[in-house]
1. Which entry in [x] 1.16; [y] 1.04; [z] 0.99 matches Rg/Rh (Cα atoms, Kirkwood Rh) derived from the coordinates of this structure?
2. When a footprinting reagent is the concern and you count Cβ atoms within 10 Å, what order do 32, 112 take, fewest first?
3. Listed highest first by mean packing, meaning other Cβ atoms within 10 Å per residue, what order do 72-80, 47-55 come in?
4. Once you have the Cα-Cα distance between residue 124 and residue 68, take 0.36 nm times their residue separation minus that, and quote the gain in nm to one decimal.
5. So for segment 60-125, averaging the separation of alpha carbon pairs under 8 Å that are six or more residues apart and normalising by length, what relative contact order in percent results?
6. Calculate I(q)/I(0) for segment 60-125 by the Debye formula, one identical point scatterer on each C-alpha and no solvent, and give its log10 at q = 0.16, 0.19, 0.28, 0.29 Å⁻¹ to two decimals.
7. Using the basic label-point model (7 angstrom from Cα toward the beta carbon), what is the residue 13 to residue 47 distance in nanometres?
């Protein structure tokens with residue numbers, strides 16, 4: 001094995017451990033420092049390993065994924081609930097509105113962390129400079 005191949009293999013970042021750390025809202029590199037400063041604001045650097053996180057480009061990806069997941073989970077549940085139980089419209093609306101809101105609020109920061117971790121593991125948007 002040549003030195004170049006050995007260097008590439010030793011510095012390659014594992015995708016799924018990094019995404020799992022991002023899902024837990026931890027630094028994708030060390031897994032200890034907090035990735036988010038507030039609900040959705042990504043820190044500029046990790047407080048533990050000093051990884052520069054400022055070049056991430058999560059943008060609207062987490063919101064799109066949240067809508068996709070919540071819609072695909074809640075729409076069939078809404079149909080099944082309506083067909084089997086026939087609740088009052090106001091009850092149905094209230095339960096599913098609260099469910100959609102709670103699921104969205106739970107998923108959004110986790111998906112943002114996972115997307116930032118994915119970008120880090122693949123060396124995208126400036127994360128590849130520190131390999």
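1. Evaluating Rg/Rh (Cα atoms, Kirkwood Rh) on these atoms matches [x].
2. 32, 112
3. 47-55, 72-80
4. Gain on extension, residue 124 to residue 68, equals 17.8 nm.
5. Rounded, it is 55 percent for segment 60-125.
6. Per q value, in the given order, log10 I(q)/I(0) is -0.61, -0.75, -1.14, -1.17.
7. 2.1
Only the coordinates and a few stated rules stand behind these numbers; no lab work does. Everything numeric here is computed off the predicted structure, so don't read it as measured data. Cβ: placed from backbone, ideal geometry, glycine included. Neighbour counts: every protein chain shown.
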